[in-house]
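Since the structure comes first, as structure tokens, the remarks are kept for the end.
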Amino acid sequence: MGAKKIVDEDEVLRWFREGKTYDWMIQEYKTKYNTETTRAMWSTFRSRKKLPRRNVRNTDLIPWMVKEEHRYAYPVMMLRAEGRRLAGEELTATDKKRLASWKAELEAEKLVVHYDPDTADGWFLIPRAEGDHELIHPPQKASGRKPRN
């Protein structure tokens, strides 16, 4: 398992404290120790050591169980960015600009995000209706997972 690949646990814990990305850790281990690792291995290490999650989950903004093929579409990426912003995380200048522009467009056009997992595209911008939240058209029944620590 991944723990056997960890050469220096204190070093890895320091990297987590410093906010190093999984991709950085993968490359560092390959360069420094000539050892192949994966994002899943680092995520498992984080979980086993009860370190805080690396991403923010906001089930109010993304109440759906999102299919793999829809996870990197622009609307859900913007919803994730808004979740990070609401959680007090610092966004990059580019993300701040994109998010502000996207939200302004939704507001100006009176649109919200709708997710239909049974379609090829998955994500749609639809006219805002009564009962919609600021950015989304909530599902009749939430299908998202509860946040874990």
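No lab work stands behind these numbers, since they all come straight from the coordinates. If you're wondering where the values come from, they're calculated on a predicted model, not measured in any experiment. For neighbour counting, all protein chains shown are included, and Cβ atoms are generated from backbone atoms with ideal geometry for every residue, glycine included.
A few comments on the model shown:
- When exposed loop sites are taken as GluC sites (Glu not before Pro) in a DSSP loop with at most 13 other Cβ atoms within 10 Å, the longest stretch of the chain clear of them is 37-88.
- Extension reserve of the TYR33-ALA73 stretch, reckoned as 0.36 nm per residue once the Cα distance is removed: 10.9 nm
- Interatomic Cα distance distribution for the chain, bins of 10 angstrom, percent: 10, 32, 29, 20, 8, 1
- Using a Förster distance of 30 Å, the FRET efficiency for MET65-ASP8 (Cβ separation, nearest 0.05): 0.20
- Nearby lysines by direct alpha-carbon distance to LYS50 (threshold 29 angstrom, same-chain neighbours under 8 apart not counted): LYS4, LYS5, LYS20, LYS30, LYS32, LYS67, LYS146
- Positive contributions from Lys and Arg (+1) and negative ones from Asp and Glu (-1), summed over other residues with Cβ under 14 Å from the Cβ of LYS32, come out at 0.
- A simple spin-label model places the labels of GLU105 and GLN140 3.1 nm from each other, with each point 7 Å out along Cα-to-Cβ.
- Largest first, the extents of the alpha carbon coordinates of the range 64-137 on the three principal axes equal 34, 29, 18 Å.
- Proximal charge balance of THR119 [Cβ under 14 Å; K/R count +1, D/E count -1]: -3
- Each principal axis of the Cα atoms in the range 26-94 has its own extent, and those three values, largest first, are 40, 28, 28 angstrom.
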